[in-house]
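Heads up: the structure comes next, in structure tokens.
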Amino acid sequence: MSTLPLAFQKEIVAELVAEDALLIMARGLGLRSIIGAFLQIHSQSQNLVMLINTNAEEEAALRDDLLRSTNVGQGGAYFRTITSEQSVTERGDLYRYGGVLAVTSRILVMDLLTGRIPVHLVTGILVANAHRVTATSTEAFILRLFRQGNSEGFIKAFSDHPETFSQGFATLEKTMKLLYLRKVNLWPRFHVTVAEGLESNTANVIEIRQPMSKAMKTIQAAIVDCMDSCLQELRRSSSAIEIDIDDFTVEKALFKSFDIIIRRQLDPIWHRVSSKTKQLVGDLKMLRNLLGYLVSYDSVNFNLYLETILATHNPTAGSYWLMTDPADKIYSTAKSRVFLHQAGYSDPDNPNMLPNMRPILEELPKWNVLSEIMDEIELEMYHAPHLEDTVLIMVQDQRTCAQLRRYLSTPKSNSSTRGKPLMKDLLHGYLRWKSNMKHFKDNVANKRPAVPATSSSTPGNHLPAPTRGPPNKRRRVRGGGSMAAPVSKHTTASFDKETEAIAAFIQATQDDSVSVARVNDHDLEEIDDPMDYFGLVEPSSLVVVHSYTGESDAGLLESIKPRFIIMYDPDPTFVRCIEVYKACNPGKQVRVYFTLYDDSVEEQLYLSALRREKDAFTKLIHDKASMVLPIEEIRAKQVQDQSLLRNIHTRIAGGGKSGEERPLPRIVVDSREFRSSLPSILHSQGMVLDPCTITVGDYILSPNICVERKSISDLISSFASGRLYTQVEAMTIHYSHPVLLIEFDQDKAFSLQDKSEIRPDISITELSSKLVLLTIAFPTLRLIWSSSVHATVEIFEDLKRSEDEPDVQKAQSVGVDPEQEIESAFNLTPQDILRSLPGITSKNYKHVMNNVESLRELVNMDTSRLAALVGEGPAQTLWNFLNKDSRLDMI
Amino acid sequence: PPPFVPKSKTTIVVNSSQRVNPLLQFIRNVPYEYGDIVPDFVVGLTSCVLFLSIRYHLLHPEYIFNRIAALGKTYVLRVLLVLVDKDTHQQVIRELTRVAILNDFTIVCAWSNEEAARYIETYKAYENKAPDAIKERVDNDYLSKLTDCLTQIQAVNKTDVITLASTFGSFKSIMNASVDELGVLPGFGERKVKRLLEAFDQPFAIDPKKRRRRRL
């Protein structure tokens, strides 16, 4: 524990060691080092501690911390990671070896169910990211299994997301019950001990508020307008469905959490939501991203991104906001930041420039601020040199990192700003992109059939034109006035025309401009030293640009020990990290520059993030005071549930006197299904689960009954991909009672289609039509319509009643080629991509996966090797698809 | 009795007892005629439909058993079309599911008369339709194929596909693009780039032993 430098951190650990609890602390106060302290305590062979709910990065970071803080070769040996990569025997060995094990939840559940883990010997469980534990999550299942087999071991849970616990009804209380905990330790930033620890020695902070440029302000206002009109549309179109429209305000829509709010409301009825509403939800997300990009992207790339959106736009069923007046403003203003059309203008510096085009190339205002700060720092270093004169610049992401590195590596000259050469390069890149885009559109996009063939779009829900009359016409009238005005028409037609002009120009001056562009590219590569791109910092380097990574930033500060810190983008967590760093190094001089766009959404987001955290803690403190959690009752209730259930069983089964005579019902469950909540609930209702990898079906109820489970979204996507047909086909071959379970979401309407969504004619795009086709093709297929997971459990019980118990070995061997190993599973995303490639069919995809390492290997194969895999014809189809350059006329 | 022969092969045959069923008014795309048949609807040479409203079932629980018994083992595809017209449906559907599986019926749930009518129409209209539409899809135009492929990766949307295609050209060049090249594309954050590369580089087979053996 000696590694924790601050008094409050020691107190947190001591408090949690003394008694099991859920620890919720403010972000940036060092949650990772707290978990690290527990790893240190428990990483010894006499312990068997499970760390659950962490991801690979968190585990790697924890391991690094552990290695650094303990003697060489000692700490790491007793902190291991277990994933699906290890075989069953390897896992068994690790469990016997002891120490702390970070186990993938899905694997842990299966090992607990099969008894591979001696559950009575487990010392305890550490639950990271406790805010993600819900009643149906695998982690809750693990803890239940753990408590059933072991009442002595400890459970300690950790979280730094107070907001999650303060949302919804009694979320904290419910989570505590799932965690089998009765105590919560709250450590907000305003906790007295924390405040004392951090505020005794604060850093020197200089806050710089930079106004946005006029154009940026205009765009920001226009984006907010667009969001507002999208929200109004959304409110209008969703009045038919029962959702809480109070949440639909622009203020809320600015946050990422808005997506969660809206999806939580719409998800259960997503299949019934009109495609227009879906589009609006997607648009809102896109607009919010644009707000972020406005302050982080340079003007050229911002404009380029806007044009890409327009290129994707489908005029018949496209985005609503693109047809509004504010969108017009966004497009024209964004372009005016890059260049203006001016007849007869030719660039005096660069004769290669497109005629009639006057580059404006507005730079981001913060660049200039940064430049000034750097000058100031340089001056100070010159007058008062220190041994460690490192400057740390913190930004939000890698892109901004790269952008600022380029910016800062450009020397300052009297004739121009630092950013000017950079902006010129970007403009060249933009022009080349435009010409590529033209070829691309000519070759591909324009050859598309009139109706988009993508599966997700449902025809018949075309976006109705805005009621205000044809907007294009109006815009043309207005824009036609003056020649020098920015191109105000962002209609696809004018976009195409402009693209064509640029493409023609690039074509004409090809040799010249390409060579110029090449040279520029080359320069850039030299500047972008790979070492500092990945943040591997040499101690001698003076300026480090790094992006925020949450908790790891504390380690970064400790290792770099900067004298100057520039927070280019605001980040509440990092502010805390600086506070902790400063408190740990009281003697160190640290100056912090904090730059913020005045009156911007960026500022608004920063301030409300702080406020939301504070409010959340205040609410949690209140909840904690009024919460009653008698833990004995929780356990008693569990036992009661189980016995009650067994009684019911015997009664329905017809007159058995005691529950013991009838063995508990068994179900063979495919290991992939442990991502869903059904296994957890089946188990809680007294079923014995046999987890294993099965090729055909998801649940085997008896030697005859095989069930494929589909949620509504799965059903839609697996119909679209054709996978469902193949799955049902396989079930029909191997089982006399193949069953398709259609499972609806518990919280929402139990219905497939809203009455208003039924089209006047029969169409194959409808889900009902596909279901009809499926049942016609497989008349022996049975359907189960389940309104919730709980209803599924009841139906499963019914179906099993008169049937024999399933045989695990048999279920596993079904549908597996003799030469194929039983325990072979495949990664899903690469598999899905592979299966959507032309030339790949349900007959040959497995063969490909068994003989090719990854997609990358496949893509780089030549035709002869492909032909050896899938045969001549399909190989040619595949090769053509993979190698077709959509911008060239070849092939 | 001799089997009822409909006037045309393309009509749905409706049991006369269904004359008052309100769903009939919504059968508009396919002609129907009344006939003397055992099931409620005959929607194909070997397929039939029994119709049951949950509300009715709660009042007359024995009705459906009699109908099923009368039908015996005839017809290949036997659909039990359930109109969910009550909120307390869970126990009924549970019971009907068991009955359907015991008696070789396929349950189809509808939540309105319109929807129920649509199912009956569709069964008739698709009587001889090949299941191609729900089998694995065959060729499409290049862009939708490409979109289909790349949007399998979480977080990649249609705009991103266009960005990728217009920047790199071919699928192969997209896959061989470096982290840096992908990172500077507008709309591509670190997470998206990571997801993309992960999908390209992740081995197909999870089991490492299997992978090792293959490389030898």
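Scanning the range B:75-111 for residues that are hydroxyl-bearing (Ser, Thr, Tyr), assigned to a loop (DSSP other than H, G, I, E, B) and at pLDDT 90 or above gives a single hit, B:Tyr75. So is B:Gln202 of a type outside the set (Val, Ile, Thr), at the interface with another protein chain (Cβ under 8 Å from one of its Cβ atoms), within 30 Å of A:Ser786 (Cβ to Cβ) and open to solvent by 50 Å² or more (accessible area, probe 1.4 Å) or not? It is false that B:Gln202 is of a type outside the set (Val, Ile, Thr), at the interface with another protein chain (Cβ under 8 Å from one of its Cβ atoms), within 30 Å of A:Ser786 (Cβ to Cβ) and open to solvent by 50 Å² or more (accessible area, probe 1.4 Å).
Counting only strands (runs of 3 or more DSSP E) that sit wholly inside the range B:1-65, those with at least 2 residues that are farther than 22 Å from B:Phe105 by Cβ are B:32-35.
Working carefully through the options A:Met227, A:Met212, find the one that is surrounded by 17 or more Cβ atoms within 10 Å (Cβ to Cβ) and out of contact with any Ser or Thr (no Cβ under 7 Å at 6 or more places or on another chain). Step through it out loud before you land on a result.
Values: A:Met212 fails: out of contact with any Ser or Thr (no Cβ under 7 Å at 6 or more places or on another chain).
Just one listed residue meets the conditions, A:Met227.
Is there a residue being open to solvent by 10 Å² or more (accessible area, probe 1.4 Å) and among the acidic types (Asp, Glu) anywhere in the range B:40-57?
Within the range B:40-57 (the criterion being open to solvent by 10 Å² or more (accessible area, probe 1.4 Å) and among the acidic types (Asp, Glu)), the answer is no, since none of the residues qualifies.
In the range A:722-731, the count of residues that are in contact (Cβ under 8 Å) with a residue 60 or more places away in the chain and not in a helix (DSSP H, G or I) is one or more.
Taking the condition farther than 19 Å from B:Val79 by Cβ, assigned to a loop (DSSP other than H, G, I, E, B) and either open to solvent by 30 Å² or more (accessible area, probe 1.4 Å) or at the interface with another protein chain (Cβ under 9 Å from one of its Cβ atoms) (or both), does A:Asp745 pass? Don't jump to the end; show me each part of the working.
Values: farther than 19 Å from B:Val79 by Cβ: yes; assigned to a loop (DSSP other than H, G, I, E, B): yes; either open to solvent by 30 Å² or more (accessible area, probe 1.4 Å) or at the interface with another protein chain (Cβ under 9 Å from one of its Cβ atoms) (or both): yes.
For A:Asp745, the condition - farther than 19 Å from B:Val79 by Cβ, assigned to a loop (DSSP other than H, G, I, E, B) and either open to solvent by 30 Å² or more (accessible area, probe 1.4 Å) or at the interface with another protein chain (Cβ under 9 Å from one of its Cβ atoms) (or both) - is met.
Counting only residues that are within 8 Å of another protein chain (Cβ to nearest Cβ) and not aromatic (Phe, Trp, Tyr), the range A:721-731 holds 5 of them. Suppose the filter is open to solvent by 50 Å² or more (accessible area, probe 1.4 Å), modelled with pLDDT of 85 or more and of a type outside the set (Val, Ile, Thr); does A:Gln342 pass it? Spelling it out, it is not the case that A:Gln342 is open to solvent by 50 Å² or more (accessible area, probe 1.4 Å), modelled with pLDDT of 85 or more and of a type outside the set (Val, Ile, Thr).
Take the range A:5-47 and flag every residue that is more than 29 Å from A:Ser166 (Cα to Cα) and either open to solvent by less than 10 Å² (accessible area, probe 1.4 Å) or in a helix (DSSP H, G or I) (or both).
A:Gln40, A:Ile41, A:His42
Any residue at all in the range B:146-164 that is over 37 Å from the mean Cα position of the chain (by Cα) and either open to solvent by less than 50 Å² (accessible area, probe 1.4 Å) or modelled with pLDDT under 85 (or both)? Among the residues of the range B:146-164, not one is over 37 Å from the mean Cα position of the chain (by Cα) and either open to solvent by less than 50 Å² (accessible area, probe 1.4 Å) or modelled with pLDDT under 85 (or both), which makes the answer no.
Residues checked against (1) at pLDDT below 90; (2) within 14 Å of chain B (Cβ to nearest Cβ); (3) touching an Asp or Glu at 6+ places or on another chain (Cβ under 9 Å):
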position	(1), (2), (3)
A:Leu67	yes, no, no
A:Asn71	yes, no, no
A:Ser87	yes, yes, yes
A:Leu101	no, no, no
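Whenever a residue of the range A:749-763 is more than 8 Å from chain B (Cβ to nearest Cβ) and open to solvent by 30 Å² or more (accessible area, probe 1.4 Å), its partners that are modelled with pLDDT of 75 or more and assigned to a loop (DSSP other than H, G, I, E, B), lying with C-beta atoms within less than 8 angstrom and at least six residues away or across chains, give the pairs A:Arg759/A:Glu766.
Once the range A:767-788 is narrowed to residues that are surrounded by fewer than 19 Cβ atoms within 10 Å (Cβ to Cβ) and more than 7 Å from every other protein chain (Cβ to nearest Cβ), the residue that is modelled with the highest pLDDT is A:Thr780. Restricting the first member to the range B:87-99 and to residues that are more than 8 Å from every other protein chain (Cβ to nearest Cβ) and free of Cβ contacts under 8 Å to residues at least 60 places away in the same chain, and the second to residues that are open to solvent by less than 100 Å² (accessible area, probe 1.4 Å) and aromatic (Phe, Trp, Tyr), the beta-carbon pairs closer than 8 Å and six or more apart or on different chains are B:Val99/B:Phe65; B:Val99/B:Phe105. The residues of the range A:822-863 that are open to solvent by 40 Å² or more (accessible area, probe 1.4 Å), at pLDDT 80 or above and acidic (Asp, Glu), listed by number, are A:Glu857, A:Asp862. Yes or no: the range A:177-186 includes at least one residue that is touching a residue at least 40 places away in the same chain (Cβ under 8 Å), open to solvent by 60 Å² or more (accessible area, probe 1.4 Å) and of a type outside the set (Lys, Arg). For the range A:177-186, residues touching a residue at least 40 places away in the same chain (Cβ under 8 Å), open to solvent by 60 Å² or more (accessible area, probe 1.4 Å) and of a type outside the set (Lys, Arg): absent. Residues that are open to solvent by 20 Å² or more (accessible area, probe 1.4 Å) and over 21 Å from the mean Cα position of the chain (by Cα) within the range A:129-144 comprise A:Ala135, A:Arg144, listed in sequence order.
Scanning the range A:693-720 for residues that are within 14 Å of chain B (Cβ to nearest Cβ), assigned to a loop (DSSP other than H, G, I, E, B) and either of a type in the set (A, V, I, L, M) or open to solvent by less than 10 Å² (accessible area, probe 1.4 Å) (or both) yields A:Leu701, A:Ser702.
For the range B:151-169, a residue qualifies if it is within 8 Å of another protein chain (Cβ to nearest Cβ) and among the hydroxyl-bearing types (Ser, Thr, Tyr), and the qualifying residues are B:Thr159, B:Thr163, B:Ser166, B:Thr167. Checked against the criterion of being within 7 Å of another protein chain (Cβ to nearest Cβ), among the acidic types (Asp, Glu) and in contact with a Phe, Trp or Tyr (Cβ under 8 Å, 6 or more places away or on another chain), the range B:117-134 has no qualifying residue. Does A:Ser257 satisfy the condition of being more than 19 Å from B:Pro186 (Cα to Cα), surrounded by 18 or more Cβ atoms within 10 Å (Cβ to Cβ) and at pLDDT below 85? Criteria not met by A:Ser257.
The C-beta contact set for the range A:418-439 (first residue without any contact (Cβ under 8 Å) to a residue 24 or more places away in the chain, second residue acidic (Asp, Glu), distance under 7 angstrom, 6+ apart or interchain) is empty.
Take residues that are among the charged types (D, E, K, R) and tell me which of the strands (runs of 3 or more DSSP E) falling wholly in the range A:154-267 contain 1 or more. Spell out how you get there, then give the answer.
Working: elements: A:154-159, A:184-187, A:204-210.
Fully inside the range A:154-267 and qualifying: A:154-159, A:204-210.
The values are calculated or read from the model by the stated rules, or taken from the named source; none is laboratory data. Values in this document were obtained by computation on a predicted structure and should not be read as measured data. All Cβ positions, even for glycine, are placed from backbone atoms using ideal geometry, and neighbour counts span all protein chains on display. Heavy atoms of the whole protein, side chains included, go into the accessibility calculation; ligands, DNA and RNA do not. Shrake-Rupley method; radii C 1.70, N 1.55, O 1.52, S 1.80 Å.
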